[in-house]
1. In the range B:231-256, which residues are within 13 Å of B:P195 (Cβ to Cβ), of a type outside the set (A, V, I, L, M, F, W, C) and outside any strand (DSSP E or B)?
2. Please work out which residue is modelled with the highest pLDDT, limiting yourself to the range B:455-474 and to residues that are in contact with a Gly (Cβ under 9 Å, 6 or more places away or on another chain) and small (G, A, S).
3. Pick from A:R46, A:R79, A:R32, A:R38: which is over 25 Å from A:A191 (Cβ atoms) and within 13 Å of ligand 1 (Cβ to nearest atom)?
4. Do we find that B:T54 is surrounded by fewer than 22 Cβ atoms within 10 Å (Cβ to Cβ) and either within 16 Å of ligand 3 (Cβ to nearest atom) or not in a helix (DSSP H, G or I) (or both) in this structure?
5. Could you grab me the full set of residues in the range B:22-41 that are assigned to a loop (DSSP other than H, G, I, E, B), crowded, with 17+ Cβ neighbours inside 10 Å and within 12 Å of ligand 3 (Cβ to nearest atom)?
6. Mind checking whether some residue in the range B:18-29 is within 16 Å of ligand 2 (Cβ to nearest atom), in contact (Cβ under 8 Å) with a residue 40 or more places away in the chain and within 14 Å of another protein chain (Cβ to nearest Cβ)?
7. For the range A:91-112, state whether one or more residues are buried (at least 20 other Cβ atoms within 10 Å of the Cβ), at pLDDT 90 or above and over 20 Å from the mean Cα position of the chain (by Cα).
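The values are calculated or read from the model by the stated rules, or taken from the named source; none is laboratory data. Every value quoted in this text rests on a predicted model; they were computed, and no experiment measured them. Because the Cβ atoms are built from the backbone with ideal geometry, glycine has one as well, and the counts that use them run over all protein chains shown.
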Amino acid sequence: MNHLHTALWGVLPYLAFTLLVAGTAWRYRYDRFGFTTRSSQLHEHRLLSIGGPLFHAGLLFVLAGHVVGLVVPKSLTERMHVPEWLYHLNALAVGGTAGLATVAGLAILVHRRLRSPAVRAATSRSDLAVYPVLAAVLVCGLAATATTLEAHPYDYREGVAVWFRSLFTLDPDVAAMAHAPFVYQLHALLAMALFTLWPFSRLVHAFTAPVAYLARPYIVYRHRGSGTRPAPQHRRIG
Amino acid sequence: MPRGEATPGRVMAQVAMVMNLDKCIGCHTCSVTCKQTWTNRTGTEYAWFNNVETRPGQGYPRRYEDQDRWRGGWELKRGRLVPRSGGRARRLARLFANPELPTLDDYYEPWTYDYANLTQAPLGDDLPTAPPRSQIDGRAMAISAGPNWDDDLGGGPGHTAADPVLEKISDQVRLEYEQAFMFYLPRICEHCLNPSCVAVCPSGAMYKRIEDGIVLVDQDRCRGWRMCVSGCPYKKVYFNHATGKAEKCTLCYPRIEAGEPTVCSETCVGRLRYLGVILYDADRVGEAASVEDEQGLYEAQLGCFLDPADPGVARAAEEAGIPHDWVTAARESPVHALISRYRVALPLHPEYRTMPMVWYVPPLSPVVDALTRTGHDGEAPESLFGAIDTLRIPLAYLAELFTAGDTEPVEAALCRLAAMRTTMRRVNLGQEPDPDIARSVGMTEEEIHAMYRLLALAKYEERYVIPTSYTAEHGSPVDTGCSLEEAGGPGMYDPDGFHTAPAAPPAPGTATAPATDPSGASLAGRLNLLNWDGRGRPDGLFPRQEGPA
Ligand code: HEM
Ligand code: SF4
Ligand code: SF4
């Protein structure tokens, strides 16, 4: 085990995670005013109404797929008698479709950002950093999924997933990741890059998904004095 | 109860407005002063918290009244009141792209002029010009729309004919009507009793203030889901495209809190705006808004308002934590008088079921003008009352605006105004008073005179009866609580902050929160690491040491 692998798969994940959590907490305290989707629908509606839902819906499925693939250990599905071929067919069909939808959605969104002058003018520097990384993560992930079509594919459930779960026990299984194919490694690295950008970009909007709305009375009353503190004079983030 | 009123349930107070449309000259002073105060920033160029539209006309944003398209307000679904754009689940499903959001084309593309060209153009034969430039993407553009493009019926008949209210009236009426008259309709947020903008906000950032009913957007909680823009049937929430947050008319709450009128009222050239307190029974609002018959909504809303002269109401109000001076102000409220006592003010589009709280005295002048044009004496009682009845066209149009199409209340209001005119005419001409005129519209001579005072002569203090602000006691019956009200919890600030000097006004174009509650609260103990030059130990980096200094 060389030091590079230890650094990449034993140290970097914790750094990225710390930055994600601390960065988000700091931004929430310092720049709550900046927590927004910064919607550009006012400028352009037609392409967004296709690309936006396609990208986000695909992404939600991709996320669910990651939970199933990385968090659920292989032993559990085996004990539940889920046949190996069924599991993989499912991962390939659902995961592949969702991944393709996400990439297609993002392609539409990026096209829109470049071609619509108003949307282009509303693009911030953090967007410029996020879009390439996001696209790269998605493409790498899709490529990794594609490799499972091979005759004797790499079983990520015995490698990458083991490493991923070991991170949470604070005993990173560096070897499991070190022996994974390059696409998987690249995918993981880019994902970590995305997580470090997360708190400082518009991506924070994902953390404020308004699920509580489902349980709230329609009309909200508040006291005069109960407004949040005024936003400090600050530089805009993201 | 001395007056036989039912016991009021939950008494709440609302600062409401009435505008007397007879007096509006369409000068747009109110719009401009409002803009200078609230929306002269990047991102809000197209936002007009106050706008003045010519009616008939499309309004701003164009055709905002077409609720089949924008789906604002509420609708009754099997007897239950739901936002017209759908319930909670449907709203969440539409988060990623909101199908009912107007784009900038429905407003207009804001522009500036390239003034630099005037001085920097190379020497030539032609005088240099200042060509228009888009404020959105900076490119050269052709101006093809504005916030009042069809002002004074400008823009051609095509514009006027696209008025959604006019479309509800038949074709024949339409033509005649265009020849008949036009008037101006100044609009701000209605600060509704049943605000649908609040109802559709997924993050709970929009709220109605318990103390004065003002509807605000908490800028720190808004996440830019832009549902409120669709939810408001009056299209009075605007999306700031630079900050990604919703903004709306604040009823100039910092002024109202200090007992001063809003900027639009203060600067109104026609002095046609009235501000005052209305006491209402919050428990009746839901029921009133769900009245089956749309034409019953006006009466239903009137039924929510409480008579502040009733000692039972006054007692209930004070038990509910409303201070004594607010109850006194409610008694002197010009708004209460015009709405409930004289019944000359009507709500704008009650059929949206949001229970709007900016009401309008419908314009009688167009009727008088039409009469005079046809060679009649526009102020003689016989011809004026007859004209109101026979000029069905303007009546039908006004009824579509103010009473969901029911001409009766509009007619009654116009007749009261006509009675006032003819009564005062007799006074001016030194003729015998004729009590029959007042009686014919169900008023007394004294009431007519009092109404005349209010509509024609009232000075500043009579037009704006605004008590200074208070904070409802927590735990009182109006306290519906707020999860953020833990001391030191998220969203709390130093309660004394309000009394300290306010922070410097934000520079135009910087990202600051314009519509949160006011406070000059210091950043108590918080540190901006981005501005830290890395030298020394900045204040607030570490917690202050306990114990005596
Ligand atoms: C369930 C949680 C989420 C919700 C409700 C949500 C909602 C939204 C909304 C309303 C917009 C603005 C669209 C517009 O009007 O312009 C948006 C934009 C965006 N979201 Fe999300 N989002 C969620 C999760 C995510 C996640 C997890 C990611 C990425 C990893 C993401 C990436 C983006 C990007 C890149 C944009 C910009 C699209 C563009 O305008 O080009 N979102 N999202
Ligand atoms: S008029 Fe004002 S309070 Fe009423 S729904 Fe629209 S924004 Fe909300
Ligand atoms: S300032 Fe007064 S008179 Fe002028 S447009 Fe506004 S409401 Fe009408």
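1. Residues satisfying the conditions are B:G231, B:P233, B:Y234, B:K236.
2. B:S469
3. On the way: A:R79 fails: within 13 Å of ligand 1 (Cβ to nearest atom); A:R32 fails: within 13 Å of ligand 1 (Cβ to nearest atom); A:R38 fails: over 25 Å from A:A191 (Cβ atoms).
Matching residue, one of A:R46, A:R79, A:R32, A:R38: A:R46.
4. Values: surrounded by fewer than 22 Cβ atoms within 10 Å (Cβ to Cβ): no; either within 16 Å of ligand 3 (Cβ to nearest atom) or not in a helix (DSSP H, G or I) (or both): yes.
The answer is no for B:T54.
5. Taking the range B:22-41 and keeping what is assigned to a loop (DSSP other than H, G, I, E, B), we get B:24-28, B:39-41.
Still in the list and also crowded, with 17+ Cβ neighbours inside 10 Å: B:24, B:26, B:28, B:39, B:41.
Once the filter is applied, which keeps residues that are assigned to a loop (DSSP other than H, G, I, E, B), crowded, with 17+ Cβ neighbours inside 10 Å and within 12 Å of ligand 3 (Cβ to nearest atom), the range B:22-41 yields B:C24, B:G26, B:H28.
6. Here is the first cut: in the range B:18-29, the ones within 16 Å of ligand 2 (Cβ to nearest atom) are B:18-19.
Checking the rest, the ones that are also in contact (Cβ under 8 Å) with a residue 40 or more places away in the chain come to B:18-19.
Still in the list and also within 14 Å of another protein chain (Cβ to nearest Cβ): none.
Checking the range B:18-29: not a single residue is within 16 Å of ligand 2 (Cβ to nearest atom), in contact (Cβ under 8 Å) with a residue 40 or more places away in the chain and within 14 Å of another protein chain (Cβ to nearest Cβ).
7. yes
Here is a yes/no grid of residues against (1) surrounded by 12 or more Cβ atoms within 10 Å (Cβ to Cβ); (2) away from ligand 1 (no atom under 16 Å from the Cβ):
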residue: B:R69; (1), (2): yes, yes
residue: B:L92; (1), (2): yes, no
residue: B:L95; (1), (2): yes, no
residue: B:P102; (1), (2): yes, no
residue: B:E109; (1), (2): yes, yes
residue: B:Y113; (1), (2): yes, yes
residue: B:A116; (1), (2): no, yes
residue: B:R133; (1), (2): yes, yes
residue: B:A142; (1), (2): no, yes
